[in-house]
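A.B. asks: Mind looking over this structure? Questions follow.
The values are calculated or read from the model by the stated rules, or taken from the named source; none is laboratory data. These numbers come from a predicted model, not from an experiment. Neighbour counts are summed over all protein chains in view; Cβ atoms, including those assigned to glycine, are modelled from backbone coordinates with ideal geometry.
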Amino acid sequence: MKLEAQVKNTLKKIKLSKKDKILVALSGGKDSTVTAYLLKKYGYNISGIHIDLKMGKYSSDCLKATEKLCNDLGIVLYVYDVKKEMGSSMCYIRSAVQTKHKGAIKNCAICGVIKKWILNKEARKLKFDKIATGHNLDDEAQTVLINVFKGSLQLSATSGPITKNTKDKKFVSRIKPLFYVLEDDVRAYAKKMKLPMHDEKCPCAIDSYRIQVRNFLEKLPGKDKINIRKNFEKISGKIKKKNLKIQYCGICGEPARGKVCKKCSLMET
Ligand code: AMP
Ligand code: ZN
């Protein structure tokens, strides 16, 4: 099957070891579901983590789908309850951040930064070697275009199926087994395999720049998305990389690109 061959090649390319303890970030959606299913099928040592955002029925449906998947796959699931751990649901956290920053930061950007912060912290605490996410080729093509439009192509220069240039004892490497797979193919595969998933959009995903770019890319054939990624990969070696020196956040102690990490610059400053 095409998708399985693509994923196998990606895992070979990143030299993923069967000894690595991998924590799969499971949202309940199709992408991370297929990621966990295939890693397990190929004999990797995986567990799952779900961040329960506590956003009503949407969140409880996501959690249910994730629990069913982990049960079917026979893997351990860690659940991070945002309300218990951070004091409020993602809706409240987000609106507090937006009020503080006078609405300048969009919903998805806030949630994305906080999720990444949680995943790294929890994976390290639980002694995992790698975090796997369900990012697919459509996500990557969107990211390249967003960085072109925003003049921040340097940020894309280090993107790939495994994090590059970020070796640090507090930083857990992230892998993206679906990096070379089109979203439509992931959806078709998840349906064909009848995998348990909650393939519904987040109710808060209404005002992100990524959604605008995504809608634009939807009008193009899959071949063009593949070309965006492929052609970018050809030139990315020539782009001067950003200084990726890792520091530790002065507020929370987590890895950061500056004196304060992105999550604390949103929530604490
Ligand atoms: P998204 O940015 O929502 O498209 O998610 C990208 C990837 O992040 C997913 O494929 C998952 O691997 C991970 N992810 C997103 N939401 C969650 C969540 N609530 N809990 C755990 N992992 C998540
Ligand atoms: Zn911090």
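A.B. asks: Can you report the number of residues in the stretch 74-86 which are more than 16 Å from ligand 2 (Cβ to nearest atom) and either assigned to a helix (DSSP H, G or I) or modelled with pLDDT under 95 (or both)? Spell out how you get there, then give the answer.
C.D. replies: Here is the first cut: in the stretch 74-86, the ones more than 16 Å from ligand 2 (Cβ to nearest atom) are 74-84.
If we keep only those that are either assigned to a helix (DSSP H, G or I) or modelled with pLDDT under 95 (or both) too, we end up with 82-84.
Final tally of qualifying residues: 3.
A.B. asks: Restricted to the stretch 88-117, and to residues that are of a type in the set (Lys, Arg) and within 14 Å of ligand 1 (Cβ to nearest atom), which residue is surrounded by the most Cβ atoms within 10 Å (Cβ to Cβ)? Write out each step before concluding.
C.D. replies: Step one: list which residues in the stretch 88-117 are of a type in the set (Lys, Arg), which gives 94, 100, 102, 106, 115-116.
Then drop every residue that is not within 14 Å of ligand 1 (Cβ to nearest atom), which leaves 94, 106, 115-116.
Details: Arg94: 23, Lys106: 19, Lys115: 19, Lys116: 18.
Looking at residues that are of a type in the set (Lys, Arg) and within 14 Å of ligand 1 (Cβ to nearest atom), I get Arg94.
A.B. asks: Whether any residue in the stretch 51-61 is in contact (Cβ under 8 Å) with a residue 24 or more places away in the chain, under 16 Å from the mean Cα position of the chain (by Cα) and not in a loop (DSSP other than H, G, I, E, B) is what I want to check.
C.D. replies: Yes; the residues of the stretch 51-61 include at least one that is in contact (Cβ under 8 Å) with a residue 24 or more places away in the chain, under 16 Å from the mean Cα position of the chain (by Cα) and not in a loop (DSSP other than H, G, I, E, B).
A.B. asks: To continue, here is another question. Before we move on, is Lys2 surrounded by fewer than 21 Cβ atoms within 10 Å (Cβ to Cβ), more than 9 Å from ligand 1 (Cβ to nearest atom) and either at pLDDT below 95 or more than 22 Å from Val172 (Cα to Cα) (or both)? Walk me through how you get there before you give the answer.
C.D. replies: Numbers: surrounded by fewer than 21 Cβ atoms within 10 Å (Cβ to Cβ): yes; more than 9 Å from ligand 1 (Cβ to nearest atom): yes; either at pLDDT below 95 or more than 22 Å from Val172 (Cα to Cα) (or both): yes.
Answer is yes for this residue.
A.B. asks: Then there's this: Being over 20 Å from Val148 (Cα atoms), more than 16 Å from ligand 1 (Cβ to nearest atom) and among the hydroxyl-bearing types (Ser, Thr, Tyr), is that true of even one residue in the stretch 223-238?
C.D. replies: First pass over the stretch 223-238, keeping only residues over 20 Å from Val148 (Cα atoms): none.
Among the residues of the stretch 223-238, not one is over 20 Å from Val148 (Cα atoms), more than 16 Å from ligand 1 (Cβ to nearest atom) and among the hydroxyl-bearing types (Ser, Thr, Tyr), which makes the answer no.
A.B. asks: So, one more: Please tell me if Gln212 is in contact with a Pro (Cβ under 9 Å, 6 or more places away or on another chain) and either free of Cβ contacts under 8 Å to residues at least 24 places away in the same chain or not aliphatic (A, V, I, L, M) (or both).
C.D. replies: Values: in contact with a Pro (Cβ under 9 Å, 6 or more places away or on another chain): no; either free of Cβ contacts under 8 Å to residues at least 24 places away in the same chain or not aliphatic (A, V, I, L, M) (or both): yes.
It is false that Gln212 is in contact with a Pro (Cβ under 9 Å, 6 or more places away or on another chain) and either free of Cβ contacts under 8 Å to residues at least 24 places away in the same chain or not aliphatic (A, V, I, L, M) (or both).
A.B. asks: How do the pairs read when you match residues in the stretch 245-269 that are modelled with pLDDT of 95 or more with residues anywhere that are part of a helix (DSSP H, G or I) and away from ligand 1 (no atom under 16 Å from the Cβ), using Cβ under 7 Å and keeping only pairs 6 or more apart or on different chains?
C.D. replies: These pairs meet every condition: Cys249/Cys264; Ile251/Cys264; Cys252/Cys264.
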